[in-house]
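Working notes, beginning with the structure itself.
Please treat every number below as a calculation from the coordinates, not as lab data. Predicted model, so just to flag it, every value in this text is computed and none were measured. Here the Cβ is made from the backbone with ideal geometry for all residues, glycine too, and neighbour counts use every protein chain on show.
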Amino acid sequence: MSQTFPVDSAVELAVVERSGFVESRHAGAAIVLSPEGATVRALGAVEEPILPRSCMKPMQALGCLTAGAPLDGERLALATASHTGTERHVAVVRDILESAGVDESALACPSAWPEDRASRDALVRELLGPERVYMNCSGKHAAMLLACRTNGWDTDGYLDPAHPLQVHLRDLVERLTGTRAAATAVDGCGAPVYAMTLSALARATQRIGMSSARSPFALHRAAGLLVHAVREHPWAIQGEGMPDTMAAARLGVFAKSGAEGVCVMVAPDGTTVALKMLDGGNRAAAVTALALLTRTGALPAAQVSRVIAELPLTVSGGGQKVGVIRPTV
């Protein structure tokens, strides 16, 4: 059976302190690439397979773009997003669906409540419930449907690994990572997700993150448009006050978080980090990635500190701050 790396191949990446006592430890693996692609730091089993989860979305969005889907601006950023389901997010997803000539019932992702509390509360007050369009992956699915309609592919079964869209996406993922998929699994939204090493994930993300819309190469031009869309519309990639949005808006970082403790970030100079928390916890992933970029000199420490101060890293006791979640790398 395919599997991720074992506990004895992991290293400590972050701890949780409560009243000066280290209560919990997050172990995993991480890799940092220089702007030229050389490995600057390798912590733990970076050559063992992991499931990138939503960290694969930039590759999938790029695949929809190269398949001819007419996506740009906010719509392209939403195709890459794990959004929080605000009215603003959902409006763009519905716009993509309208362009595809399909309604929300065509989405094959599961129904969900918005992750944004205010948006969820608004639905409750209106006596409404979870819907597919509120699911954090609905932008990706809408983009997939648009790619299908653009190419005349059947929209039924668009998540089947044998569907022409998914064949195209897998080919692009393997082209960007430079490796064959170690395994195929079903992501939480129902789409295929491919096992790859952290080093392969970092290389692929860096290739996207360093691309220019003025490149002479079509794939790099498309990737440059994607990165520009995220940096121009950082609210779309996740949501206000969320790590990916804050990293993009405040630090110019192309960031993408995934379920089960996976995170990738590309600094403006191209320095790239990819990490996996072995316990699947996300609470320390983004701050650890930011710390790794800062300690390699890719990000200014003072600006990063201000961003970290606004992340939900406080440990509470009796309604008071008694500790913090902090990276140890």
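Points worth noting:
- From most to least packed by mean Cβ count within 10 Å, the peptides 25-33, 113-121, 2-10, 48-56 give 48-56, 25-33, 113-121, 2-10.
- Under-5 Å amide H pairs with Ser24, H placed in peptide plane, nonlocal only: Val16
- Set of lysines near Lys276 by C-alpha distance (under 20 Å), chain-local residues within fewer than 8 positions excluded: Lys57, Lys256
- Rg over Rh, two decimals, the chain (C-alpha only, Kirkwood Rh): 0.96
- The amide H of Gly323, built 1.01 Å from its N in the peptide plane, has Ser19, Val315 as neighbours under 5 Å, considering only residues 5 or more places off or on other chains.
- By the Cβ distance rule (another cysteine Cβ under 4.7 Å), the unpaired cysteines of the chain are Cys55, Cys64, Cys148, Cys263.
- Dipole check for segment 7-327: with +1 at the C-beta of Lys and Arg, -1 at the C-beta of Asp and Glu, and the Cα centre as origin, the magnitude is about 780 Debye.
- Segment 152-218: trypsin sites (Lys or Arg not before Pro) falling in loop per DSSP and having at most 14 other Cβ within 10 Å: Arg180, Arg214
- Comparing Val304, Val262, Val173 in a Gaussian network model of the chain, where Cα atoms under 10 Å apart are tied by springs, the biggest mean-square fluctuation is seen for Val304.
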